[in-house]
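Trainee: First, the structure itself, so that you have it in front of you.
Just so it is clear, none of the values below were taken in a lab; they were calculated from the coordinates. Note that the structure is a prediction, hence the values are computed from the model and not measured. Please note: Cβ atoms are built from the backbone with ideal geometry, for glycine as well, and neighbour counts cover all protein chains shown.
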Amino acid sequence: LALGHMQPGRSEFKRCWKGQGACRTYCTRQETYLHMCPDASLCCLPYGSRPL
């Protein structure tokens, strides 16, 4: 049984921008950089979630 196994995906990244973004070293092509996270990584938001 793999009860402790975490599936790869969003859960492995710290969240930012009210839970809409993820703190990463770099953003994917489907994401845009908004601001810096507390650990100096980028807050990456999907293009549809970017605030106006």
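Trainee: His35 is checked against (1) outside any strand (DSSP E or B); (2) surrounded by fewer than 12 Cβ atoms within 10 Å (Cβ to Cβ) and fails just one. What number does that condition carry?
Mentor: The failed condition is (1).
Trainee: OK, next. Pull out all pairs, ordered by first then second residue, where Cβ-Cβ is under 8 Å, the residues are six or more apart or on different chains, the first lies in the range 26-39 and is under 15 Å from Lys14 (Cβ atoms) and without any contact (Cβ under 8 Å) to a residue 40 or more places away in the chain, and the second is part of a strand (DSSP E or B) and of a type in the set (Lys, Arg).
Mentor: Close Cβ pairs satisfying both conditions: Cys37/Lys14; Asp39/Lys14.
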